Amino acid sequence: MNYNGKIFRPIQTSENSETSIDTVFKYKQKGTVLTSNYSGGKIIKGHLIGIVADDGSIEMSYHQINTDGNLMTGVCTSNPKILANGKIRLHETWKWTSGDKSEGKSIIEEQ
């Protein structure tokens, strides 16, 4: 699976997340290395970097600056599902490595 050039938005997330429907993730992939710049909603600027496995799952780390001016960091595992329309939906399990270090789940979908 190749995520290069794909754009994702959250469709569901935990209450302790900073992402929202207004957050836009722009993915780039070269080989197994995945990166994304993202922003929107409570996030002024964010970046993630990860490794894509053969099954399309992603192990990643992320950091972002929120509208309160705080630098937030975390780790995430994403598992893909291909929808009937051919778009990708990523089911994510994540954990903050800063702040309260809480965990959450999100679903983001290709636009």
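The values are calculated or read from the model by the stated rules, or taken from the named source; none is laboratory data. The structure presented is a predicted model; accordingly, all values stated were derived computationally and were not measured. Positions of Cβ are backbone-derived with ideal geometry, glycine not excepted, and every protein chain shown enters the neighbour counts. With ligands, DNA and RNA removed, areas are computed over all heavy atoms of the protein, side chains included. Shrake-Rupley method; radii C 1.70, N 1.55, O 1.52, S 1.80 Å.
Note on segment 89-111: residues that are among the β-branched types (V, I, T) and open to solvent by less than 40 Å² (accessible area, probe 1.4 Å) total 2. Of everything in segment 5-36 that is under 12 Å from the mean Cα position of the chain (by Cα) and within 19 Å of G69 (Cβ to Cβ), the residue that is surrounded by the fewest Cβ atoms within 10 Å (Cβ to Cβ) is S20.
Checked across segment 45-64, the condition of being surrounded by 18 or more Cβ atoms within 10 Å (Cβ to Cβ) and among the polar types (S, T, N, Q) holds for at least one residue. Pairing residues of segment 92-111 that are of a type in the set (A, V, I, L, M) with residues that are in a loop (DSSP other than H, G, I, E, B), at Cβ distances under 9 Å and at least 6 apart in sequence or on separate chains, gives I108/T19; I108/T23.
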